[in-house]
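Notes for the one structure printed next.
Every number here is computed from the coordinates shown, using simple stated rules; none is lab data. The structure presented is a predicted model; accordingly, all values stated were derived computationally and were not measured. Positions of Cβ are generated from backbone atoms using ideal geometry, with glycine treated the same way; all protein chains shown enter the neighbour counts.
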Amino acid sequence: MAALVLSAAARRALGGVWAYRARSEHEAVARFARLRGELAAALAPAEVVALAERAVDDEQRHVEICARMAAGYGERVELGHVAAAAPIGAAGLRGRDRLLYEVVAFCCVTESLNAALMTSALAHAEVPAVRAALRAILADEVGHSRLGWAYLAAERARGRGDFLAALLPRMLAASVAEELFTPAAPRQVDHALAAHGELSEQVRLGIFVDTMREVVFPGLTSLGVDAAAGAAWLEPGAAQERWAAQRSRR
Amino acid sequence: MAMAKLFKVLVVGGTALAALGPGCGESAHKGDKVSPGTGEDAELRVPDAATGTPDSGIVLEADAGEDADGGVSSWLHWF
């Protein structure tokens, strides 16, 4: 049980993590609420609209779980502000194309990634309260990811979505902090944090890469969306070039 | 991590929902179709991005306007 003992700094970090998650889930409530209306207006399959409707309630529950966890680590979460859930997509996209872009970015990419991260965090976590929280949220994230794949499949059946192939790099860039690709020295693994479900940057980067290569790209390919540009963006050499370019601009 | 399992649960499970569920334009209630030719109908309901004016009473309201795809927070970058 010694591994479960936290330093004050680790406790603050974990409180911050769960507070961040609470705010992130709060934003997701508003995003799914808007998407539910847009999907219904676009006459998406009934199952997809139903999943979006369920997701609104799921995310609200997640906010409460995450805020409770943050409080457990001594961090109070302020959610009084109006959650921002602005539409996303490249400027040239309109109507159904923009909606499809957002659903793929949010559900196929981000929610699939969240499911992978939580699966791994659950495997490392030893603290019962953390495990319970992760398990409860993970069960819902599966449905949120499926929503995206179901809608993409329906739109592909209508011949839509070829444009996604070229936009994959920007979609990936928006879903990951570039700092994760920083060639930093490996940090010592903090076993106490791991026991509380917190994964190191290296582990998180590995999960991101694996999820893209083994889940998202094959999923897109199976639905006839060319994932080559996304795969190229993910190549280690390309990541290092981006990092070097970013540094030179500072 | 068993990514193959994740692929099966998320991607295969998701696309199966589209294949097995009611078709586009059909309500969740059996036999309660919204209208025939729904693909085209849906296209008509998409508002013109420049004016924000929908072609019907149902508004597909959101338009990204400027490039705006940095807004989705994942659990990946939580520091």
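Quick test of the membrane-span-like rule: which DSSP H helices of chain A reach at least 30 Å along their long axis (C-alpha atoms) with mean Kyte hydropathy at least -1.0?
Values: long enough: A:8-41 (50 Å, -0.21); A:46-72 (39 Å, 0.02); A:128-157 (44 Å, 0.24).
Answer set is A:8-41, A:46-72, A:128-157.
Please work out how much length the chain gains when fully extended from A:Ala71 to A:Leu122, using 0.36 nm per residue of separation minus the C-alpha to C-alpha distance, in nm with one decimal. Could you put the intermediate results ahead of the total?
Numbers: separation 51, 0.36 × 51 = 18.36 nm, distance 2.00 nm.
Going from the current span to full extension adds 16.4 nm.
Comparing chain A with the 2.2 N^0.38 Å rule of thumb, its C-alpha radius of gyration ratio is 1.04 (two decimals). Listing A:Leu79, A:Leu234, A:Leu35 from fewest to most neighbouring C-beta atoms within 10 Å gives A:Leu79, A:Leu234, A:Leu35. In this simple spin-label approximation, A:Val209 and A:Glu64 carry label points 7 Å from Cα along the Cα→Cβ vector, and these lie 4.0 nm apart.
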